[in-house]
Amino acid sequence: MAEERLEAAGDEYTQDGTVDLHGNPVLRSKRGGWKACSFVVVYEVFERMAYYGISSNLVLYLTTKLHQGTVPSANNVTNWVGTIWMTPIVGAYIADAHLGRYRTFIVASVVYLLGMILLTLAVSLPALRPPECGAGTADPNCKQKATSVQLGVFFLALYILAVGTGGTKPNISTIGADQFDDSHPRERRHKLSFFNWWMFSIFFGTLFANTVLVYIQDNVGWTVGYVLPTAGLAISIAIFTAGTRFYRHKPTSESPFAKMARVIVAAARKCAVAAPVDPRDLHELDAEHYAKKNASPLPNTPNLSALSKAAVKTGGTSRWSLSTVTQVEETKQMLKMLPVLAITFVPSAMLAQINTLFVKQGTTLDRHVGPHFEIPPASLQGFVTISMLVAVVLYDRAFMPFARRLTGNPRGISLLQRMGVGLVIHIVIMSIASVTERHRLAVAREHGVYDSKGTTIPLTIFVLLPQFVLMGVADAFLEVAKIEFFYDQAPEGMKSLGTSYSMTSLGVGNFLSSALLSTVSHITQRHGRRGWILNNLNASRLDKYYGFFALLNCANLLVFFVVCRLYVYNAEVSRVVDGGSGGVGSGEQKREVAMQPAAVSAVEATL
């Protein structure tokens with residue numbers, strides 16, 4: 001009887017390793033579940049409002065209020081967004097290896113809020129922005145440039161935000177998912193429902209920012225447009241903190257960067273050592289060690305054989321001189337994805353055009369919808385969100401079942417094939433953008449405003465709609481497949497690091513966009529030529545710049561074909577990806593696994 005009561009009591013505690021803040025076991029009925037997640041979801045709604053309320057319209061504030069040129073303003077946006085997507089790697093490392101997710105999030109959210117407050121002051125106080133000039137800031141002869149102090153305060157606030165998001169973005173979604181125990185059937189089902197609500201919160205916050213907030217900024221004032229998301233963020237942090245006593249927490253673990261570094265160092269030390277003929281002679285722990293961790297050892301593979309020398313037994317037992325076969329294979333799996341990561345940089349640079357040059361184009365066009373309402377140029381970004389969500393649903397409900405019957409692949413087509421479709425759509429997008437821009441310039445010449453800055457061209461802004469809508473469709477193929485691929489192909493102990501590859505792709509892509517814009521602008525203005533990208537878009541040649549992007553995407557697609565040809569899927573995943581013996585059932589199970597929380601934060605790039 002005593003043993004039965006002990007077993008019953010044991011079932012009351014979570015079995016996934018979660019604890020309270022003090023490291024004590026967690027009662028299932030007291031912590032976690034939907035009660036805890038409700039506090040988390042509220043935060044994400046307001047955080048998305050804050051972030052997209054800034055990023056969607058930032059290029060217009062830089063040009064119309066801080067009086068920056070087209071190239072500097074666009075580069076400042078992409079450099080900031082690139083930093084936003086790179087800092088989560090540091091935040092994830094600090095959370096996993098040192099402070100834990102909750103404490104990292106709390107510290108980072110305070111930093112985030114301080115950045116929002118400083119940014120609100122920067123757009124509100126007259127002393128922190130240059131005076132208006134001419135008939136608004138569209139005056140081509142405007143000489144009222146922002147001072148170094150004004151620019152310093154504004155950009156200091158932006159990069160404080162980047163530091164804050166570095167600690168909040170990789171941890172908040174994972175905190176929410178930690179509230180459900182995977183080992184408990186009912187909680188596992190609830191966890192999948194949590195993902196749906198989580199994506200809805202991102203969608204709602206993003207769409208509200210791209211419509212209501214940008215309208216307020218354009219028509220009511222920047223002060224109100226920034227005060228609202230700042231106040232909302234403060235309230236959401238307070239709500240999240242109020243739920244502390246309900247949260248479950250995962251304990252910290254060793255950083256995957258340290259694991260990989262030890263393998264590489266050990267292999268380098270033994271580069272002259274001959275590997276044994278029989279892989280069974282390499283160093284590996286016994287099966288009981290992995291059974292205790294509910295894991296399985298990885299078999300030795302022939303690819304990247306130089307790293308296998310880290311597991312050669314030479315007498316040294318230091319962690320920096322001897323690694324297990326499993327540790328070596330985990331490192332191999334992370335390294336072999338780097339070529340795939342590299343080919344995602346160019347399409348990520350294309351995404352950067354959405355809230356820079358695409359928005360700037362919109363400022364030159366007729367934005368009237370009816371006699372009294374003008375649509376903000378940044379609001380067209382909402383169509384990217386909507387078209388992406390519609391495309392994802394159609395892909396899942398219509399295309400995937402149809403393709404599954406043709407190919408026998410549980411996914412319909414493999415992840416790399418899905419990414420390839422997205423790359424092709426990017427070529428179509430930039431080709432359409434080039435043709436549309438050529439048409440816009442022709443209308444400008446026809447109406448005599450070719451050299452006039454700030455003059456509205458009698459052409460509806462909705463002429464830009466195809467490139468925004470198609471960008472959402474491309475995201476449904478490329479971005480979603482990219483997230484799932486990096487998560488799926490990463491070893492079990494490094495899923496978070498695998499997911500961070502998606503964030504790295506977006507960060508590097510934005511920096512690449514800055515480099516391309518500056519380089520093309522400089523080269524095309526040499527020897528006294530007019531140049532392709534000028535402050536006056538009506539005198540620029542963005543059509544040629546977009547055509548250059550189309551060619552760059554074509555070259556990137558050719559490299560992608562080579563990478564696909566050489567890439568070897570992990571053995572345990574290939575049954576699902578390539579439609580082998582796993583069958584439909586196992587494919588569905590793998591699709592469920594691919595929806596793990598580590599992947600969720602990366603989806604925010606497209607929502």
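The values are calculated or read from the model by the stated rules, or taken from the named source; none is laboratory data. Worth saying up front: this structure is predicted, and the values here are computed from it rather than measured. For neighbour counting, all protein chains shown are included, and Cβ atoms are generated from backbone atoms with ideal geometry for every residue, glycine included. Ligands, DNA and RNA are stripped out before the accessible areas are found, and what is left, the full protein with its side chains, is counted by its heavy atoms. Shrake-Rupley method; radii C 1.70, N 1.55, O 1.52, S 1.80 Å.
Backbone N atoms of the stretch 218-246 closer than 19 Å to the 7 Å Cα→Cβ label point of residue 20 belong to residues 241-246.
Reducing the stretch 172-217 and the stretch 243-301 to their Cα centroids gives an inter-centroid distance of 32 Å. Both radii are taken from the alpha-carbon atoms of the stretch 262-420; with Rh as the Kirkwood radius, Rg/Rh is 1.23. Residue 31: net charge of surrounding residues, Cβ under 9 Å, Lys/Arg +1, Asp/Glu -1, itself excluded? After counting each charged neighbour, the total is +4. A straight chain from residue 465 to residue 407 at 0.36 nm per residue would run longer than the Cα-Cα distance by 17.5 nm. Based on protein heavy atoms only, the chain ends up with 42 Å² per residue of surface accessible to a 1.4 Å probe.
Could you work out how much longer the chain between residue 306 and residue 231 gets when fully extended? Use 0.36 nm per residue separation minus the Cα distance between them, nm to one decimal.
Values: separation 75, 0.36 × 75 = 27.00 nm, distance 5.45 nm.
Once the chain is fully extended between residue 306 and residue 231, it gains 21.5 nm.
Pairs from the list 65/544; 191/259; 35/191 with a Cα-Cα gap above 24 Å: 65/544; 191/259. Scaled against the 2.2 N^0.38 Å expected of a compact globular protein of N residues, the Cα radius of gyration of the stretch 366-477 reads 1.40. Other residues with beta-carbon under 14 Å from the beta-carbon of residue 376 carry, at +1 per Lys or Arg and -1 per Asp or Glu, a net charge of -1. Taking label positions 7 Å along the Cα-Cβ direction at both residue 200 and residue 186, the computed distance is 2.1 nm, reported to one decimal. Label separation (residue 156 vs residue 241): 2.4 nm, computed from points 7 Å beyond Cα along the C-beta direction. Relative contact order of the chain, taken over Cα pairs closer than 8 Å and 6 or more residues apart, is 20 percent. State which helices in the chain qualify, where a helix is a whole DSSP H run, it must extend 18 Å or more along its own axis by its Cα atoms, and its mean Kyte-Doolittle hydropathy must be at least -1.0. Span-like helices here: 33-55, 70-94, 101-124, 148-177, 185-208, 222-242, 256-269, 381-394, 415-446, 465-489, 495-524, 542-566.
Multiplying the sequence separation of residue 439 and residue 148 by 0.36 nm and subtracting their Cα-Cα distance, what value in nm do you get? Please list the in-between numbers first.
On the way: separation 291, 0.36 × 291 = 104.76 nm, distance 3.88 nm.
Extra length from residue 439 to residue 148 when fully extended: 100.9 nm.
Work through the residues other than residue 229 whose Cβ is under 14 Å from its Cβ and net out their charges, Lys, Arg +1 and Asp, Glu -1. Don't skip to the end; give the middle numbers.
On the way: positive: 48; negative: 44, 47.
Counting the neighbours of residue 229, the net charge comes to -1.
Dipole size in debye (nearest 20) for the chain around its Cα centre, Lys and Arg Cβ +1, Asp and Glu Cβ -1? Walk me through the numbers before you get to the answer.
On the way: 54 positive and 42 negative charges, 233 e Å.
Computed about the Cα centre, the dipole is about 1120 debye.
Stokes-Einstein, applied to the Kirkwood radius of the stretch 54-204 over Cα pairs at a viscosity of 1.002 mPa s and 20 °C, places its translational diffusion at 121 µm² s⁻¹.
Using only the Cα atoms of the stretch 221-347, what semi-axes does the equivalent ellipsoid have when each is the square root of 5 times a gyration tensor eigenvalue? Give whole Å, largest first.
Values: eigenvalues 394, 92, 32 Å².
Semi-axes from the Cα gyration tensor: 44, 21, 13 Å.
Solvent-accessible area of residue 446, all protein chains in place: 140 Å² (probe radius 1.4 Å, heavy atoms, ligands and nucleic acids excluded). Heavy-atom accessible area for residue 463, with the other protein chains in place and a 1.4 Å probe, reaches approximately 40 Å². Where (i) 0.93; (ii) 1.29; (iii) 1.03 are the candidate values, the label of the one calculated here for Cα Rg over 2.2 N^0.38 Å is (iii).
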